[in-house]
Amino acid sequence: HMLFIAAGAFHQSNPSDLLPELQGRLPIRVELEALSEHDFVRILTETEANLVQQQQALFGAEDVDLEFTQDAIEEIAKMSKTLNESVDNIGARRLRAVISKLVEQVSYDAPDMKGQKIIVDKEFVDKELADIVKSEDLSKYIL
């Protein structure tokens, strides 16, 4: 996992920018490409204990059935890529920030929604995240 941590933390740094203690610890330098929308979709759907499953489990603890449609996952991936390009490229960590903001209001209301089913579709994603993606100044601070 060291490559992933180093890639995310130091992706825009030169070895001379790092602390002397770290310069010798990262002897191999590779150029990585930014994650694509397809990569984000795969991270959200194919990884073990992915963020979608984590959110479903969290809401399940409140007896709320949370369902993400495929078009919602694709829209989350698209917005994450857009934010990475326009604000700061933090890689897959962007997904956690986007999904947290996406379900923020619903998570506050979840204790009062026992037994209900919430469907997160493209329209839901657009409604909850549209202002943040459009406002670059705001997205710097929130996501």
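The values are calculated or read from the model by the stated rules, or taken from the named source; none is laboratory data. Computed from a predicted structure; not experimentally measured. So basically every Cβ, Gly included, is an ideal-geometry build from the backbone, and we count neighbours across all protein chains shown. These accessible areas exclude ligands, DNA and RNA; they are computed on the full protein's heavy atoms, side chains included. Shrake-Rupley method; radii C 1.70, N 1.55, O 1.52, S 1.80 Å.
See the values below:
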item	result
Number of the exception - Ala77 against (1) over 12 Å from the mean Cα position of the chain (by Cα); (2) open to solvent by less than 10 Å² (accessible area, probe 1.4 Å)	(1)
Cross-chain or 6+ apart pairs with Cβ under 7 Å, the range 49-78 first and more than 16 Å from Gly115 (Cβ to Cβ) and at pLDDT 95 or above, then among the aromatic types (Phe, Trp, Tyr) and in a strand (DSSP E or B)	Val52/Phe68
Hits in the range 80-100 - residues which are crowded, with 17+ Cβ neighbours inside 10 Å, within 18 Å of Val120 (Cβ to Cβ) and not hydrophobic (A, V, I, L, M, F, W, C)	Ser80, Arg94
Residue within the range 105-116 that is charged (D, E, K, R) and either crowded, with 16+ Cβ neighbours inside 10 Å or touching a Phe, Trp or Tyr at 6+ places or on another chain (Cβ under 9 Å) (or both) present	no
Within the range 50-74, tally of residues that are open to solvent by less than 70 Å² (accessible area, probe 1.4 Å) and among the charged types (D, E, K, R)	3
Candidate set from the range 39-49 (those that are open to solvent by 30 Å² or more (accessible area, probe 1.4 Å) and of a type in the set (A, V, I, L, M)); member that is farthest from the chain's Cα centre (by Cα)	Ala49
Complete set of residues in the range 129-141 that are assigned to a helix (DSSP H, G or I) and either modelled with pLDDT of 90 or more or surrounded by fewer than 16 Cβ atoms within 10 Å (Cβ to Cβ) (or both)	Ala130, Asp131, Lys134, Glu136, Asp137, Leu138, Lys140, Tyr141
